[in-house]
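Worksheet: the structure to be examined is printed underneath.
What follows is calculated from the coordinates using simple rules that are stated; it is not laboratory data. Computed from a predicted structure; not experimentally measured. Backbone-built Cβ (ideal geometry, glycine too); neighbour counts: all protein chains shown.
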Amino acid sequence: MNKKLLTIDEVLRKELKDKDFKKYFAEEGKKLQIGFKIAQIRIKRGLTQKQLAKKIHTSQTAIARIERGEYLGYSLKTLEKVAAGTGTRLDIQFKT
């Protein structure tokens, strides 16, 4: 009984055939991209999570959750605060 272990790519290829999984996977990917971009900007500006949190009147743990993609309360207002706190401009686009 010699079972071949699948690679993560093989498992993902199989799972992405399921439309519900594919939708969830895409949503999670977007959250991770937003969080990663916020972390990049914060670091580039020389800010700690605690410093950014203070600037936008939230907690360091909230910033950590945002950067990890675990924050469920994304709103335009939250993203505008992060942009203002990092001295950047928020640009939202619809693409086809």
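Residues of segment 9-28 that are over 21 Å from residue 68 (Cα atoms), under 21 Å from the mean Cα position of the chain (by Cα) and loosely packed, with under 11 Cβ neighbours inside 10 Å: 20 alone. Residue count for segment 82-96 satisfying the condition of being under 16 Å from the mean Cα position of the chain (by Cα) and surrounded by 13 or more Cβ atoms within 10 Å (Cβ to Cβ): 2.
Of 4, 37, 31, 50, all but one fail to be without any contact (Cβ under 8 Å) to a residue 60 or more places away in the chain, out of contact with any Leu (no Cβ under 8 Å at 6 or more places or on another chain) and exposed (fewer than 10 other Cβ atoms within 10 Å of the Cβ); the exception is 4. The set of residues in segment 62-81 being among the aliphatic types (A, V, I, L, M) and surrounded by 10 or more Cβ atoms within 10 Å (Cβ to Cβ) consists of 62, 63, 64, 66, 79.
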